[in-house]
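Asker: Attaching a single structure in structure tokens format; questions to follow.
The values are calculated or read from the model by the stated rules, or taken from the named source; none is laboratory data. Only a predicted model underlies this, so the values are computations on that prediction, with no experimental measurement involved. Glycine gets a Cβ as well: all are built from the backbone with ideal geometry, and neighbour counts include every protein chain shown.
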Amino acid sequence: MKGSDIAELLLLAALWGGSFLFMRIAAPIIGPIWLIELRVLLAGLALLPLLLRLNLWSEIRQNGWPLLIVGGINSALPFSLLAFASVSLPAGFTSILNATAPLFGTVVAALWLKENLTSTQKLGFLLGFAGVVVLVGRRSLTLTPEFGLAVAAGLLGAFCYAIAAPYIKQNLAGVSSLAITAGSQLGAALLLLPALPFTIPIQPLTIPVLSAVVALALLSTAFAYILYFRLIQAIGATQALTVTYLIPVFAMLWGALILQEAITASMAVGCGLILLGTAIANGVLTVFHRQSQW
């Protein structure tokens, strides 16, 4: 991996880690639904010119229904759940919950795709589950029903990503990544429209909140996806996916620097267990061990 590739990988992690900061700033004011509607709509519109320039609009027309479903289970629903969690949870905390997505993916693959779980994958899942227990058991947050709902929403959002992955593999094979991203973002915006009249923000919008919304849509969604696809082409999907292990680090860093959120020992231990379990369950450590031998 070249130095420029490492720099882009770190930039992508910083952008996706920043999404939890932006949600933490904007969600309590604008509300989860309006925040995510603006996120997916602005991101989809920002990607549209590039889509048209590359003559990929026909792929969206031909795969309208699958893209709408992906927009629901990979954007509208998980984004909204994570935004709901961000109303009451620190940015770093929410990002750690989101990092369980690959763990859920191993379970979904076993149940949906009938893939047999190896003993190594089971060990990884148990480590990741232990990490969630350590994380949720931290004492710096009051264990209220609202806290429990926020944690459940964050984990459910991660589970949605795990469901979306095999669906995309089965129903959108051969469709360009850019078309899937732009089409799903616009589809998510369409799905969220009916909920907007019932969730109108009542608090006045400020410059920091509006800036967070725009940054979330354009930087942490549209630009981040373009950067992600570029990395996949440059270094391959396996190494590009290692960004998953860097996102919580940046999310906790942004939360600490900008919002003065505390990074506790239980957050560090829980995050470490979740990321270690995810790496073991998905064979990342084995892959990099083999590459080091080459």
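Asker: Which condition number does A91 fail, the rest of (1) in contact with a Lys or Arg (Cβ under 6 Å, 6 or more places away or on another chain); (2) within 19 Å of Q185 (Cβ to Cβ) being met?
Answerer: Checking A91 against (1) in contact with a Lys or Arg (Cβ under 6 Å, 6 or more places away or on another chain); (2) within 19 Å of Q185 (Cβ to Cβ), the one that fails is (2).
Asker: Can I ask one more? Select from segment 123-145 the residues that are in a helix (DSSP H, G or I) and surrounded by fewer than 16 Cβ atoms within 10 Å (Cβ to Cβ) and write down the one among them that is modelled with the lowest pLDDT.
Answerer: Out of the qualifying residues, it is V133.
Asker: Right, here's the next one. Against the condition in a helix (DSSP H, G or I) and either at pLDDT 95 or above or of a type outside the set (A, V, I, L, M) (or both), how does L9 come out, does it pass?
Answerer: no
Asker: Please indicate, with yes or no, whether at least one residue in segment 59-73 is within 18 Å of the chain's Cα centre (by Cα), small (G, A, S) and over 13 Å from V214 (Cα atoms).
Answerer: Yes, that holds for at least one residue.
Asker: So, restricting to helices (runs of 4 or more DSSP H) that lie completely within segment 17-122, which ones have at least 1 residues that are in contact with a Pro (Cβ under 8 Å, 6 or more places away or on another chain), at pLDDT below 95 and of a type in the set (F, W, Y)?
Answerer: By residue number, 101-112.
Asker: Pairs needed: first member in segment 149-160, under 16 Å from G92 (Cβ atoms); second member anywhere, hydroxyl-bearing (S, T, Y) and not in a helix (DSSP H, G or I); C-beta distance under 8 Å; at least 6 residues apart or different chains.
Answerer: Between residues of segment 149-160 that are under 16 Å from G92 (Cβ atoms) and residues that are hydroxyl-bearing (S, T, Y) and not in a helix (DSSP H, G or I), the close pairs are L155/T100; A158/T100.
Asker: Here is a further query. Here is a list: A26, A43, A76. Which entry is in contact with a helix residue (DSSP H, G or I) (Cβ under 6 Å, 6 or more places away or on another chain), among the small types (G, A, S), surrounded by 22 or more Cβ atoms within 10 Å (Cβ to Cβ) and over 26 Å from F147 (Cβ atoms)?
Answerer: A43
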